[in-house]
Amino acid sequence: MVTRLDRKLANIRAGRYTRADFVIADAKDSDVGAGVTATGFDYSAKPPRRRTRQEFITQIEEIIKQDVVDIMLVSQSNLELLDERGAFFGSEVKPAIRGNLETMCWGAVRHGTYVQTASVPFRDTNLARAIANYPAHGTDLALYSVSYSNDVELDVRTLNAFADFRAEAARVGFKYFYEVFNPSIDLGFSRDQIGEFVNDNIIKSLASVPKAERPLFLKTAYNGPKALEELASFDSELIVGVLGGGAGTTRDTFELVAQSERYGARLALFGRKINLAEAPLQLIVLMRAVADGTLGPEEAVRAYHGELQKLGLTPNRPLADDRAITEEVLTEAAAKAA
């Protein structure tokens, strides 16, 4: 089955990219790293309360039915529940599962201290089971993530685990996209140095990987225009996407979409920025508008607050505060563009 994602990636690779081909993914895989707190809040409840797992699944279904995002990334167990409900039947939204979860992603575990040490690889996803009934159920697309720590032993362990994953994926016919986080510990680098360190490790780690085992696209942190442009322009075979990071303000969300597209990214894969929004469906519609260039980031914030008012939802922040760019890397780039 050819999905909207397949057509967009084909256009990008063929040099036919337009802003309509910019890919938006909803990362609803937070349960693998955060436990009970992963599901976000139901802001229509008075007072707002945390969603149950079943309500979380219903929220995912609603976003799939909305048919704006191109990829829905979930845990393997939640994909089973969605398949039981027929959530992806006849849908152009591509399901994907998290293929691993290194320990730096466990930072949302309450009272956990996992992020105080360098990240190590961990994987428990069963690729053969996920693809067994595809395309009727399951999926053939996974996310594989790594973090490099500038430590020989840890980084060799990470690279070996990545090689093992690629071998298994090739054996069972699984495709994947490759997420490279910024280092989980402070290496004493400036932001520019972090961008260079991450970019070099992405290219180095794929240098010996044959076409049959290469990722469909990349997912990495936005380390500013210079780092993104360097990575996006280095190899036309690599399609670069950005990850969302923390929740931030609504302006941060739209600004990240706009800046990443402007400087060469062709995908945005956001988790907390969507999951923690007061009105996720309305936010996604406006993300699409920003990606397409029909709305600017600040206009989109105003439109979002208008949607909240229509829904009778109290915004988490006043409009004046929500219009502010709070993520430093976005502030610097926005100031240069002004």
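The values are calculated or read from the model by the stated rules, or taken from the named source; none is laboratory data. Computed from a prediction, not measured in an experiment: that's the story for all the values here. Cβ: placed from backbone, ideal geometry, glycine included. Neighbour counts: every protein chain shown. To get the accessible areas, we keep the full protein, side chains included, count just its heavy atoms, and leave off ligands, DNA and RNA. Shrake-Rupley method; radii C 1.70, N 1.55, O 1.52, S 1.80 Å.
Partner lysines whose Cα lies under 28 Å from the Cα of K211, excluding those fewer than 8 positions away in the same chain, are identified as K8, K94, K175, K219, K226.
Remark on V240: its backbone amide H falls under 5 Å from those of L218, R266, a criterion applied only to residues 5 or more positions apart or on other chains, H modelled at 1.01 Å from N.
When only alpha carbons are used to place a centre, segment 13-42 and segment 208-264 end up 13 Å from one another. The equivalent ellipsoid of segment 147-191 has semi-axes of 26, 13, 5 Å, largest first, where each one is the square root of 5 times an eigenvalue of the Cα gyration tensor. Taking every alpha-carbon pair in the chain and binning the separations at 20 Å intervals from zero gives 31, 62, 6 percent. Residues whose amide H comes within less than 5 Å of that of F270, counting only those at least five positions distant or on another chain, are A25, A27 (H built at 1.01 Å from N in the peptide plane). When the P(r) is computed for segment 205-306, the part past 17 Å accounts for 53% of the Cα-Cα pairs.
For segment 215-273, the Kirkwood hydrodynamic radius from C-alpha pairs, put into Stokes-Einstein at 25 °C and a viscosity of 0.890 mPa s, yields a diffusion coefficient of 215 µm² per second.
Which is the longest stretch in the chain that no exposed loop site breaks, taking sites as chymotrypsin sites (Phe, Trp or Tyr not before Pro) with a DSSP loop state and at most 16 other Cβ atoms within 10 Å? Walk me through the intermediate numbers first.
Numbers: sites that count: Y17, F89, F122, F189.
Result, exposed sites excluded: 190-338.
How high is the relative contact order of segment 119-174, in percent, counting Cα pairs under 8 Å that sit 6 or more residues apart?
Values: 38 pairs, mean separation 24.3, N = 56.
Over segment 119-174, the number comes to 43 percent.
Taken over segment 25-71, the convex hull of the Cα atoms encloses 72 Å³ per residue. Rounded to the nearest 5, the antiparallel percentage of DSSP beta bridges internal to the chain is 5%.
For V120, neighbours were defined as the other residues whose beta-carbon sits under 15 Å from its Cβ, and their charges (Lys and Arg +1, Asp and Glu -1) total -4. Taking a virtual spin label 7 Å from the Cα of E237 along the C-beta vector, which residues in segment 161-178 bring their backbone nitrogen under 18 Å of it? Only 163, 166-167, 170, 175-178 fall inside the zone, counting backbone N under 18 Å.
Taking max minus min of the alpha-carbon positions on each principal axis, segment 1-92 gives extents of 48, 26, 24 Å, largest first. Split the accessible area of the chain by element, probe 1.4 Å, and carbon with sulfur accounts for 52%. Size of segment 65-190: Rg and Dmax of its alpha carbons, in Å, are 16.3, 49. For F41, the residues whose modelled amide H falls within less than 5 Å of its own, excluding neighbours fewer than 5 places apart on the same chain, are R51.
For segment 102-156, what is the convex hull volume of its Cα atoms per residue in Å³? Here the figure is 99 Å³ per residue. 3J(HN,Hα) couplings calculated from phi for segment 176-193 with the Karplus curve 6.51 cos²θ - 1.76 cosθ + 1.60 (θ = phi - 60°) are, in sequence order, 8, 10, 10, 9, 10, 6, 5, x, 7, 10, 6, 9, x, 8, 6, 4, 4, 5 Hz; Gly and Pro show x.
Quick check: Cα centre of segment 95-164 to Cα centre of segment 277-338, how many Å? First find each Cα centre; the distance between them is then 31 Å.
In units of the rule-of-thumb radius 2.2 N^0.38 Å, segment 40-139 shows an alpha carbon radius of gyration of 1.24. Listed by chain and number, the lysines whose alpha-carbon sits under 23 Å from that of K310, ignoring those within fewer than 8 places in the same chain, are K46, K65, K273.
Just add up the charged neighbours of A38: K/R +1, D/E -1, any other residue whose Cβ is under 15 Å from the Cβ of A38. Show your work: numbers first, answer last.
Values: positive: K28, R49, R50, R51, R53, R98, R110, R272, K273; negative: D26, D29, D31, D42, E55.
My count for the surroundings of A38 gives +4.
Ligands, DNA and RNA are left out, and with a 1.4 angstrom probe the accessible area of segment 119-225 is 45 Å² per residue.
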